[in-house]
Amino acid sequence: MSTPDPAPFRCFGTGDPLYERYHDTEWGRPVRGERELYERITLEAFQSGLSWITVLRRREGFRAAFAGFDPEVVAAYGEDDVARLLADPGIVRNRLKVEAAIANARALLALHEHGGSLSGLVWSAAPDPAPPAPREPADVPALTPASTALAKALKAAGFRFVGPTTAYATMQACGVVDDHLVRCPVRAQVEVDRV
């Protein structure tokens, strides 16, 4: 009788199909679209103080609640929408985070009005040269000087709930940095995507 093949190595998420798919197909891959970046920043802010899988399992609920992360729609949300969101069991119901998501949509639109972009702001934090691939999970930082600078720039642009740790998680999620471990097979795929 043959033994089953062992699960492929992953930096995280092994054993949960949703988490595995996120690791294998999304985390660390370059994201440059404004709506997509707004979604990532919003989800990372909601994740603050929670495990990422908690937010990932509610992602479709967040997409429904925040109009597919259309910043023009979310920027127009008022108190009735805040009340609706705080009653929505499909998302993490935290008033400060809900209000930050709305404020961040408005900040994104203000960036556009002044000729800027969220993509330009987030990608300005890309380290050059890229740091070496982490060997172990302990080698992956929670924040960096670049994420601290990005958090400061985002706050100056009117964004909320974007401290240095949340900014670094956004950088990881959007491929601004590649923190797949050196032995992770996804790392090679991400490197191709980044070129």
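The values are calculated or read from the model by the stated rules, or taken from the named source; none is laboratory data. The structure presented is a predicted model; accordingly, all values stated were derived computationally and were not measured. FYI the Cβ positions are ideal-geometry reconstructions off the backbone, even for glycines, and counts take in every protein chain you see. Accessible surface is based on the protein model in full, side chains and every heavy atom, while ligands, DNA and RNA are left aside. Shrake-Rupley method; radii C 1.70, N 1.55, O 1.52, S 1.80 Å.
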Note on region 6-25: residues among the aliphatic types (A, V, I, L, M) and part of a loop (DSSP other than H, G, I, E, B) are Ala7
Among Ala130, Ala173, the single one that is closer than 21 Å to Tyr38 by Cβ and either small (Gly, Ala, Ser) or touching a strand residue (DSSP E or B) at 6+ places or on another chain (Cβ under 7 Å) (or both) is Ala173
Restricting region 4-23 to residues that are surrounded by fewer than 16 Cβ atoms within 10 Å (Cβ to Cβ) and touching a residue at least 60 places away in the same chain (Cβ under 8 Å), the one nearest to Gln172 (Cα to Cα) turns out to be Phe9
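One line per residue, one yes/no per condition, for (1) within 14 Å of the chain's Cα centre (by Cα); (2) among the β-branched types (Val, Ile, Thr):
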{"position": "Ala130", "(1), (2)": "no, no"}
{"position": "Arg135", "(1), (2)": "no, no"}
{"position": "Thr144", "(1), (2)": "no, yes"}
{"position": "Thr148", "(1), (2)": "no, yes"}
{"position": "Gly158", "(1), (2)": "no, no"}
{"position": "Gly163", "(1), (2)": "yes, no"}
{"position": "Met171", "(1), (2)": "yes, no"}
{"position": "Val182", "(1), (2)": "no, yes"}
{"position": "Arg187", "(1), (2)": "no, no"}
Taking region 127-152 and keeping residues at pLDDT below 95 and among the charged types (D, E, K, R) leaves Asp128
Heads up, the helices (runs of 4 or more DSSP H) in region 65-173 (entirely inside) with at least 2 residues that are open to solvent by 10 Å² or more (accessible area, probe 1.4 Å) and under 29 Å from Asp193 (Cβ atoms) are 71-75, 95-113, 118-123, 145-156, 164-173
If you go through Gly49, Gly28, the only one that is surrounded by 20 or more Cβ atoms within 10 Å (Cβ to Cβ) and either outside any helix (DSSP H, G or I) or free of Cβ contacts under 8 Å to residues at least 40 places away in the same chain (or both) is Gly28
Within region 108-165, residues farther than 26 Å from Val73 by Cα and among the β-branched types (Val, Ile, Thr) come out as Val140, Thr144, Thr148, Thr165
